[in-house]
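Read through the structure below, which is laid out as structure tokens, and then see the notes.
The values are calculated or read from the model by the stated rules, or taken from the named source; none is laboratory data. This one's a predicted model, so the numbers in the text were calculated from it and none came from an experiment. When we count neighbours, we look across all protein chains shown, and the Cβ atoms used for this are built from the backbone with ideal geometry, even at glycine.
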Ligand SMILES: Nc1nc2c(ncn2[C@@H]2O[C@H](COP(=O)(O)OP(=O)(O)OP(=O)(O)O)[C@@H](O)[C@H]2O)c(=O)[nH]1
Ligand SMILES: [Mg+2]
């Protein structure tokens, strides 16, 4: 199955049914008067958040969604039936953008959340409404109005509290395997992970947080190198980034240069995301002789001029992972408390979301620009949403 996290669709609400022009005609009732009924309202289109969905693949195959039209009114004062509404299921984590106005219509963040995206047309009135003392045989009716039609752009992001950021082969998938039940593939080559993986990290019986593992980044990703930057959008719903750095890369490259390249690419993708708290997670310490570890860590931290928290890990043996998990949990708990109790913290969080939404709009806009340009150049059915990768989701 393909992993699809972006899609464009068209939604169209139903037209309102026309009002009816009719007169009562019955034996023994001369001049029976108007009896044309009203049309029915057109059905509306709604999106509804569904947490059982985790891809936008269905929208690749069906791009047009239309709600029912209202039925026209009839004689004998009969109203037309209203058109049925259409409910379209979208994954929780979907940002909905109007492609024409480039506005974010909604962020679907909860299961069951309902968003009106196309208002059904209004019903027309039958001539029964237009009777008056001076006009007892009105021929006037009103037509139903058109249903709203919109071009929508969806951007789906996995919903996680903390995201793993790093070069391919840094050990991100190994870390998520070691702290959660998620079992993404781990291998000794770059780009093992091709789609985002989620892991639920459990602490005790009731508490947990969700960690997201996304494909690795390399220098030049913003220009399309490797898998590019598109998977970074999955980190835009997280509150904390863990930057995983391999302290002893097998090609003997400099871990500091690697970390700086990642920070640069992150800033290219999203200045807002780059402002999120980021912790340094130095991995594969087991590959260094015990007596060299302190010096190696000091050297990396100094040369990066790293101010924030630093963790030392061996994801493969699990050493250091517990301290990291506890610290992440404490931080997330404190962050949630702050957002609930402190208006300034809550506003800051809303502002971050707004900025990331704006960035999503800018991505939709630039994609549209590319699409138009391609359409001018040739007639190929261009679609940059398609990834040729296999989907792998942890249970
Ligand atoms: N010695 C040692 N090897 C590790 C450690 N963590 C990961 N590895 C190895 O490093 C290689 C890459 O690990 P992955 O977890 O697949 O790395 P990744 O960051 O997910 O890589 P991509 O999916 O390609 O982005 C594998 O061979 C792992 O076994 C560690 O703490 N110590
Ligand atoms: Mg991986």
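Screening residue 277 against (1) in contact with a helix residue (DSSP H, G or I) (Cβ under 7 Å, 6 or more places away or on another chain); (2) closer than 20 Å to residue 352 by Cα; (3) modelled with pLDDT of 95 or more leaves a single unmet condition, (1).
Whenever a residue of region 169-198 is in contact (Cβ under 8 Å) with a residue 12 or more places away in the chain, its partners that are near ligand 1 (Cβ under 6 Å from one of its atoms) and assigned to a helix (DSSP H, G or I), lying with C-beta atoms within less than 6 angstrom and at least six residues away or across chains, give the pairs 184/173; 186/173; 186/174; 193/173.
When each of 112, 121 is tested for being assigned to a loop (DSSP other than H, G, I, E, B) and over 30 Å from residue 238 (Cβ atoms), the lone residue that passes is 121. Does residue 223 qualify as being out of contact with any strand residue (DSSP E or B) (no Cβ under 9 Å at 6 or more places or on another chain) and either over 21 Å from residue 357 (Cα atoms) or within 12 Å of ligand 1 (Cβ to nearest atom) (or both)? In short, yes. Among the residues of region 241-260, just one is part of a helix (DSSP H, G or I), within 21 Å of residue 320 (Cβ to Cβ) and out of contact with any strand residue (DSSP E or B) (no Cβ under 7 Å at 6 or more places or on another chain), namely 256.
Is it the case, given these coordinates, that residue 307 is under 21 Å from residue 160 (Cα atoms) and away from ligand 1 (no atom under 12 Å from the Cβ)?
Taking the combined requirement at face value, the residue does not satisfy it.
From 121, 166, which residue is more than 15 Å from ligand 2 (Cβ to nearest atom) and in contact (Cβ under 8 Å) with a residue 24 or more places away in the chain? Residue meeting the stated conditions: 121. Would you mention how many residues in region 277-289 are crowded, with 18+ Cβ neighbours inside 10 Å and closer than 23 Å to residue 233 by Cβ? Residues meeting the conditions: 4.
Looking at region 32-39, can you tell me whether even one residue there is farther than 23 Å from residue 126 by Cα and either assigned to a strand (DSSP E or B) or modelled with pLDDT under 95 (or both)? Explain how you work it out, then say what you get.
As a first pass, look at region 32-39 and keep what is farther than 23 Å from residue 126 by Cα: none.
Scanning region 32-39 turns up no residue that is farther than 23 Å from residue 126 by Cα and either assigned to a strand (DSSP E or B) or modelled with pLDDT under 95 (or both).
Condition test on residue 194, is it within 16 Å of ligand 2 (Cβ to nearest atom), in contact with a strand residue (DSSP E or B) (Cβ under 9 Å, 6 or more places away or on another chain), at pLDDT 95 or above and assigned by TED's automatic domain parsing to the domain that holds residue 208?
Spelling it out, it is not the case that residue 194 is within 16 Å of ligand 2 (Cβ to nearest atom), in contact with a strand residue (DSSP E or B) (Cβ under 9 Å, 6 or more places away or on another chain), at pLDDT 95 or above and assigned by TED's automatic domain parsing to the domain that holds residue 208.
Quick check on region 304-319. Is at least one of its residues within 30 Å of residue 248 (Cα to Cα), modelled with pLDDT of 90 or more and in a helix (DSSP H, G or I)? Among the residues of region 304-319, at least one is within 30 Å of residue 248 (Cα to Cα), modelled with pLDDT of 90 or more and in a helix (DSSP H, G or I), which makes the answer yes. Residue pairs whose Cβ atoms lie under 7 Å apart, sitting 6 or more positions apart in sequence or on different chains, and linking a residue in region 315-326 that is without any contact (Cβ under 8 Å) to a residue 24 or more places away in the chain to a partner that is not in a helix (DSSP H, G or I), are 323/311. Out of 334, 359, 275, one residue alone is outside the structural domain of residue 242 (by TED's automatic domain parsing) and closer than 22 Å to residue 109 by Cβ. It is 359. For region 272-303, a tally of residues being part of a helix (DSSP H, G or I), over 17 Å from residue 260 (Cα atoms) and within 16 Å of ligand 1 (Cβ to nearest atom) returns 6. Considering only residues in region 200-219 that are away from ligand 2 (no atom under 16 Å from the Cβ) and in contact (Cβ under 8 Å) with a residue 12 or more places away in the chain, the one that is surrounded by the fewest Cβ atoms within 10 Å (Cβ to Cβ) turns out to be 207.
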